[in-house]
1. Would you work out the charge dipole size for the protein assembly as shown about its Cα centre, treating the Cβ of every Lys and Arg as +1 and the Cβ of every Asp and Glu as -1, and quote it to the nearest 20 debye?
2. What does the structure give for B:40-46 when I average, per residue, the other chain Cβ atoms found within 10 Å of the residue Cβ?
3. Which whole-number percent is the relative contact order of segment B:29-108 (Cα, under 8 Å, 6+ apart)?
4. Compute log10 of I(q)/I(0) for the protein assembly as shown with the Debye formula, placing one identical point scatterer on every Cα and leaving out solvent, at q = 0.15, 0.16, 0.18 Å⁻¹, to two decimals.
5. If you place +1 on the Cβ of every Lys and Arg and -1 on the Cβ of every Asp and Glu, how big does the dipole about the Cα centre of chain B come out, in debye to the nearest 20?
6. Under a cut-off of 16 Å between alpha-carbon atoms, report the lysines in cross-link reach of B:Lys78, not counting same-chain residues fewer than 8 places apart.
7. Please give the net charge around B:Pro81, taking every other residue with its beta carbon less than 14 angstrom from that of B:Pro81, where Lys and Arg add +1 and Asp and Glu add -1.
8. Using alpha-carbon positions, what is the distance between the centroids of segment A:1-58 and segment B:1-57, in Å?
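The values are calculated or read from the model by the stated rules, or taken from the named source; none is laboratory data. All values derive from a computational prediction rather than experimental measurement. Here the Cβ is made from the backbone with ideal geometry for all residues, glycine too, and neighbour counts use every protein chain on show. Heavy atoms of the whole protein, side chains included, go into the accessibility calculation; ligands, DNA and RNA do not. Shrake-Rupley method; radii C 1.70, N 1.55, O 1.52, S 1.80 Å.
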Amino acid sequence: AQSVTQPDIHITVSEGASLELRCNYSYGATPYLFWYVQSPGQGLQLLLKYFSGDTLVQGIKGFEAEFKRSQSSFNLRKPSVHWSDAAEYFCAVGAWDDAGGTSYGKLTFGQGTILTVHP
Amino acid sequence: DAGVIQSPRHEVTEMGQEVTLRCKPISGHDYLFWYRQTMMRGLELLIYFNNNVPIDDSGMPEDRFSAKMPNASFSTLKIQPSEPRDSAVYFCASSFTWVEWSSYNEQFFGPGTRLTVL
């Protein structure tokens, strides 16, 4: 079964500083990898996803993530953080699951990383 | 498309009352998922439907929880009777059938319903 670990529960950065949020996954094959962002009181918005090809993927809001198979990692980065980036970020691994008799894309989420941005 | 729609956005009820959460998936999606988010357990998958049929409800915590999908554009999650430990944010998500190596493989989430049981 797949699993996701986000080692950092809470990260604080200053506005304008660079950001890296860590994500490690466990899965036997090449996974689909996702980063979602959840602003306070909001739903989950997809930032970016990886499923094949170039291991550096670009997303919305200036975010990017790099898939490193050797390290089983999919870290999220942003060169310069804005105050509006303060939110909770979730890494997820997607894989086919046959539970229940149908094959579907199951998402397994990490515990999330809360990002605080200081002015 | 308006995205996944959930109602109500907030629900406050008293212990023992019945609670019904509603979801309208994105038109054309054939999978619908119900998740629960709590501080202690994070995001948990409760149940999912394929073409309106419940496929796997192994994540439903107790018999007090039930979910239905009477048609392709509507689903409900019901808790009866509700308890304080059911307080959480409940998300509905929908997706197309995933196709290997497709860039369209993802799940789209609604804004969630914040449930408080007093």
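1. Working: 18 positive and 24 negative charges, 46 e Å.
Here the size comes out at about 220 debye.
2. Working: counts 0, 1, 7, 11, 1, 6, 0.
Whole-number average of other-chain Cβ neighbours for B:40-46 is 4.
3. Values: 138 pairs, mean separation 25.5, N = 80.
It comes to 32 percent, rounded to a whole number.
4. Taken in order of the listed q values, log10 I(q)/I(0) reads -1.04, -1.17, -1.40.
5. Working: 10 positive and 14 negative charges, 61 e Å.
Charge dipole of chain B: 300 debye, to the nearest 20.
6. B:Lys24, B:Lys68
7. Values: positive: B:Arg64, B:Lys78, B:Arg85; negative: B:Glu14, B:Glu18, B:Glu62, B:Asp63, B:Glu83, B:Asp86.
Counting the neighbours of B:Pro81, the net charge comes to -3.
8. 23
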